[in-house]
Amino acid sequence: MPTVKLTAASIKSLPIPERGQVDYWDETLHGFGCRVSEGGVRSWVLAYRFNGRTRRWTIGRYPDIDLVAARKRAGKALLQISEGKDPGAEKIELRASSTFGDLADEYLTLHAKRKKKSWRMDEYMLNRELLPLWRHSKVRDIARRDVRLVLERIADPEGRNGPIYANRVRALIHKMFNFALARDYGIDFNPCTGVEKPGRDRARDRVLTTQDIRTFWAAVDEQGEDKPAVAAFLKLRLLTAQRGGEVANMRWADVDWAGRVWTIPGEFAKNGLQHRVPLSRQAIDLLKAHRQWVEQRNRAINAGRARKGWEPKAMSDWAFRTRRLGRETDQGDAPLDPKVAKTMKRVREKCGIQDLCAHDLRRTAASLMSQMGVPRVTLKKILNHVDRDITAVYDRYSYDPEKRAALDAWAKRLDAILAGRDSVRVLTFSRRA
């Protein structure tokens with residue numbers, strides 16, 4: 001951590017980190033420093049050792065407390081430490097009496113919602129599995145046995161979930177107790193330590209055969225009679241090879257109809273990087289038909305509202321929206337839940353493929369494009385995978401022409417598969433072709 005000369009002027013100019021937080025330690029007073037968080041918040045901190053343990057005491061925020069006052073408080077605290085008194089004891093004792101419900105609130109607010117795109121899943125598991133049991137239990141009283149019993153109940157083969165879901169719950173508990181350890185909740189160890197994962201995580205490798213694709217598409221068409229939005233959503237996933245959450249968060253404003261490009265903003269991309277997806281003719285036709293259905297449905301809804309004397313309802317910004325309670329945005333609607341669990345259950349039953357999941361569509365599209373001769377680097381760009389090769393730092397070429405050629409070729413092959421006349425034609429893809 002950097003050591004600097006803290007002055008009234010230098011405090012304001014301390015660099016703000018892009019992510020996380022940085023501690024700037026004072027050259028003058030040992031252990032005293034200023035913590036700068038990614039949001040620009042500056043807090044005074046004192047690091048010290050007491051009874052052989054390293055502790056960190058937050059004095060207060062700047063500018064509520066200026067540099068002179070913060071240094072004075074830090075000096076008094078160091079004097080207390082030399083006399084055998086812990087300046088952070090009162091705060092630690094207060095933390096030690098905190099309940100798991102308190103920890104859950106702080107974890108969701110300060111960590112999950114700020115740093116995890118999947119925070120809703122954490123909230124779901126907390127509300128469903130952990131808070132009903134532990135809400136009023138003190139954090140320090142939750143033991144390894146309690147964790148094991150919860151996971152065994154969830155992983156029970158006769159139950160509703162299973163071992164893999166139990167693994168996810170264990171990972172959440174482990175993360176939360178690490179969070180508690182860093183925030184002085186009065187615990188000395190993580191109760192997940194020594195508790196094995198109930199299930200064995202295995203990477204899925206299912207790739208649909210051409211017959212599977214035809215069966216899947218027919219099953220989705222059948223579901224489309226009742227749920228046309230979900231049917232369009234699933235078909236678009238297969239056509240574009242994009243992640244479910246990214247397709248579910250598609251907004252009409254992100255689609256360039258003339259240029260046939262869908263731009264996924266960084267806020268919706270898994271890796272946080274903006275991603276351009278060239279749209280094949282088939283994908284554009286699918287989206288146009290879906291938008292026409294959305295507009296017709298909106299007109300029908302507004303006709304009913306007009307008869308009741310209500311204000312008309314604007315069409316949603318989301319291409320795939322939901323009425324599911326609890327997922328609404330400030331605009332009163334929300335994007336589709338990418339799991340579409342009920343529809344996928346019916347599709348599995350219709351197809352007879354018991355372990356089929358929606359993410360298999362992305363893997364299938366990628367695998368068949370690779371079979372067609374699409375280079376690996378182009379596939380990486382289509383899938384928006386982070387390239388960790390050192391040359392990627394310098395390669396700022398967009399690969400849009402290569403991505404378009406690959407996705408257009410894939411869409412044509414998909415048409416051939418659905419028509420029952422598929423034959424693998426290996427294509428030649430050249431850079432900037």
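Here region 132-155 is the region considered, the condition is being under 19 Å from residue 181 (Cβ atoms) and crowded, with 20+ Cβ neighbours inside 10 Å, and the residue that is modelled with the lowest pLDDT is 139.
Among residues of region 273-316 being under 21 Å from the mean Cα position of the chain (by Cα) and surrounded by 12 or more Cβ atoms within 10 Å (Cβ to Cβ), the one that is farthest from residue 115 (Cα to Cα) is 277.
Can you pull out the residues in region 1-30 that are small (Gly, Ala, Ser), within 28 Å of residue 115 (Cβ to Cβ) and surrounded by 12 or more Cβ atoms within 10 Å (Cβ to Cβ)? Even if it seems obvious, please write down each step before you answer.
Step one: list which residues in region 1-30 are small (Gly, Ala, Ser), which gives 8-10, 13, 20.
Checking which are within 28 Å of residue 115 (Cβ to Cβ) leaves us with 13, 20.
Once the filter is applied, which keeps residues that are small (Gly, Ala, Ser), within 28 Å of residue 115 (Cβ to Cβ) and surrounded by 12 or more Cβ atoms within 10 Å (Cβ to Cβ), region 1-30 yields nothing.
What do you reckon, is residue 267 open to solvent by 70 Å² or more (accessible area, probe 1.4 Å), within 30 Å of residue 167 (Cα to Cα) and part of a loop (DSSP other than H, G, I, E, B)? Criteria met by residue 267.
If you filter region 218-256 down to residues that are assigned to a loop (DSSP other than H, G, I, E, B) and open to solvent by less than 30 Å² (accessible area, probe 1.4 Å), you find that the one that is farthest from residue 347 (Cα to Cα) is 250. Identify, please: which residue in region 31-54 is surrounded by 14 or more Cβ atoms within 10 Å (Cβ to Cβ) and not in a strand (DSSP E or B) and is, among those, modelled with the lowest pLDDT? The selected residue is 38. Checked against (1) among the basic types (Lys, Arg); (2) farther than 21 Å from residue 86 by Cα; (3) assigned to a helix (DSSP H, G or I), residue 19 passes all but a single condition, namely (3). Taking residue 259 as the residue in question, decide whether it is part of a loop (DSSP other than H, G, I, E, B) and over 18 Å from the mean Cα position of the chain (by Cα). So residue 259 passes the test. With the condition kept exactly as written, say whether any residue in region 199-213 is under 23 Å from residue 339 (Cα atoms) and outside any loop (DSSP other than H, G, I, E, B). So far as region 199-213 goes, yes, one or more of its residues are under 23 Å from residue 339 (Cα atoms) and outside any loop (DSSP other than H, G, I, E, B). Considered as a group, the residues in region 76-85 that are open to solvent by 30 Å² or more (accessible area, probe 1.4 Å) and touching a residue at least 24 places away in the same chain (Cβ under 8 Å) include one that is nearest to residue 44 (Cα to Cα), and that residue is 78.
The values are calculated or read from the model by the stated rules, or taken from the named source; none is laboratory data. Keep in mind the model is a prediction, meaning the values are calculated, not measured. All Cβ positions, even for glycine, are placed from backbone atoms using ideal geometry, and neighbour counts span all protein chains on display. SASA here: full protein model, heavy atoms, side chains in, ligands and nucleic acids out. Shrake-Rupley method; radii C 1.70, N 1.55, O 1.52, S 1.80 Å.
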